[in-house]
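Readers should treat all values here as calculations from the given coordinates under stated rules, not as data from a laboratory. Remember, predicted model here, so these are calculated numbers, not experimental data. Positions of Cβ are generated from backbone atoms using ideal geometry, with glycine treated the same way; all protein chains shown enter the neighbour counts.
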Amino acid sequence: MGKRANSFLGGMALAAAGALGTVFLLRRKKPAELRDESAGARQRERSPGDRWARPGMSVTFRAELMPGRERESRTFSIAELLPSQRVVLRGVSGEHSEHEFETTR
């Protein structure tokens, strides 16, 4: 066979290997993962009592978001928990999401 035929067959073999690899990877995923992978959908599936925050609870902003401030000056109280899982704080304007705060220990 000529050089062109060999390169063509090599390209076809590479494409077939890639297609087979893709098929095997997709088959390994669980049906729930294929159905909906968004974080918002996982949050909506939580039970009504399973929330990351509650009104009156104290939360602390991550130091990266408020550099140069001590922990006490980055801590605020939650005024309201919105249906979108965002919170309204006392003393801070706007809505804030869970990833803006330090994890509780």
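Starting from the amide H of Phe101, placed 1.01 Å from N in the peptide plane, find each other amide H under 5 Å away whose residue is 5 or more places distant or on another chain.
Those lying under 5 Å, H to H, from Phe101 are Arg62.
Using amide H atoms built in the peptide plane, which far-off residues or other-chain residues are under 5 Å from Leu89 H to H?
Ala79
Using θ = phi - 60° and the Karplus curve 6.51 cos²θ - 1.76 cosθ + 1.60, what whole-Hz ³J(HN,Hα) does each residue of segment 8-23 get, with Gly and Pro shown as x?
Once θ is set to phi - 60°, the couplings for segment 8-23 become 5, 5, x, x, 5, 5, 5, 5, 5, 5, x, 5, 5, x, 5, 4 Hz.
Across segment 43-100, what fraction of all alpha-carbon pairs, as a whole percent, falls in each successive 10 Å bin from zero upward?
22, 53, 21, 4
Sort 58-65, 88-95, 17-24 by the packing proxy (mean of other Cβ within 10 Å over each peptide's residues), most packed first.
Working: 58-65: 14.0, 88-95: 11.8, 17-24: 9.9.
Averaged packing, sorted descending, gives the order 58-65, 88-95, 17-24.
Can you give the extra length, in nm with one decimal, that the chain gains between Met1 and Glu102 once fully stretched, where that is 0.36 nm per residue apart less the Cα-Cα distance?
So the chain would gain 29.9 nm between Met1 and Glu102.
If I model a spin label as a point 7 Å beyond the Cα along the Cα-Cβ vector, how far apart are those points for Asp50 and Met12 in nm?
5.2
Tell me, how many Å apart are the Cα centres for segment 56-95 and for segment 1-26?
Rounded to whole Å, the Cα centres lie 54 Å apart.
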